[in-house]
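Presented below is the structure to which this report refers.
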Amino acid sequence: MVQASSSNKNLWVAASDGDLARVQYLIENEGMSPNDKDSNSYTPMHAASSYAHIELLSYLISKGGNINITDDDGETPLFVVENLETAKFLIDNGAEITLKNEEGLTAANQLEEDHPSISSYLNSLIPENQQEQLNSNQQDQVEEESEEGINQLALENFTTEQSDLLMIEAEKIMKECQETGEEPDERLKELVEGIVKNGLNFGKQVQEQVTTNGNGNQNDEDNKRIREE
């Protein structure tokens, strides 16, 4: 029987600390699991992988730990490793190298900046044809996000410009009507209607641009299929 640790650490802190005795106690005596998630969807598998506790990882796997369990960001333990030995251990025990997180990144992509040697190792394990497909999919996603960002920026700029125009023109109308004694209601109504019309036309232009780009992408895909055939 596993003896209770003197520590009051919870399962995730114990896993991060590599406290094997405490983890064993919680799993074997308190009914906890290697796949239990904390409030941030972090599991003992992620914690042990991040802090390179390989002996603890071996124990967790022996107790049903899922090597490819994901957190709420779609990231498996492989995404959080910080040394090559742990990465190799996870791969040897069935970690999938082509899984993507919610941002469309593989573990190799995610680790490229902070841990380039691990990233290179993971990429070296991906067959060339799969690597090309992964890179292509990632590029498509980047282009889509870039296009969405441009459209959003254009919309924000247009809205700001139209708001400024409305204020300037309304002020001008009020001043003129005050001088002439004319009622401003009709002219203000025409001004607002014009601004609304401009907004509708702008929205239509953006939609046409998105549709045109979408058709262009589809044509590229069709041409690609023709070449392959």
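Some points to look at:
- Computed 3J(HN,Hα) for the range 161-176, one whole-Hz value per residue from the Karplus formula 6.51 cos²θ - 1.76 cosθ + 1.60 where θ = phi - 60°, is 4, 5, 5, 5, 4, 4, 5, 5, 5, 5, 4, 5, 5, 4, 5, 5, glycine and proline marked x.
- Residues ASP19, ASP38, ASP92, sorted so that the one with the fewest Cβ neighbours within 10 Å comes first: ASP92, ASP38, ASP19
- Potential extension, ASN10-ASN66 segment - 0.36 nm per residue separation minus Cα distance: 18.2 nm
- Which of PHE89, PHE79, PHE202 has the fewest Cβ neighbours within 10 Å, and the rest in rising order: PHE202, PHE89, PHE79
- Net lengthening on full extension, GLN178/ASN35 (0.36 nm per residue, minus Cα-Cα): 44.2 nm
- Prolate/oblate/rounded call for the range 25-74, Cα gyration tensor, a/c under 1.5 rounded: oblate
- Put in order of Cβ neighbour count within 10 Å, fewest first, the listed residues VAL192, VAL13 become VAL192, VAL13.
- Nitroxide proxy distance, nm - points 7 Å out along Cα→Cβ at GLN162 and GLU85: 6.2
- Spin-label model, GLU186 to ALA21: label points 7 Å out along the Cα-to-beta-carbon direction sit 9.2 nm apart.
- Environment charge at VAL13 (Cβ cut-off 10 Å; Lys +1, Arg +1, Asp -1, Glu -1): -1
- Phi to ³J(HN,Hα) by Karplus 6.51 cos²θ - 1.76 cosθ + 1.60 over the range 112-121, Hz, x for Gly, Pro: 4, 6, 8, 9, x, 5, 5, 4, 5, 4
- Placing +1 on the Cβ of every Lys and Arg and -1 on the Cβ of every Asp and Glu, with nothing else charged, gives the range 1-113 a dipole about its Cα centre of roughly 420 debye.
Rule-based calculations on the coordinates, nothing more; no lab input. A quick note: this is a predicted structure, and the numbers were derived from the prediction, not measured. Here the Cβ is made from the backbone with ideal geometry for all residues, glycine too, and neighbour counts use every protein chain on show.
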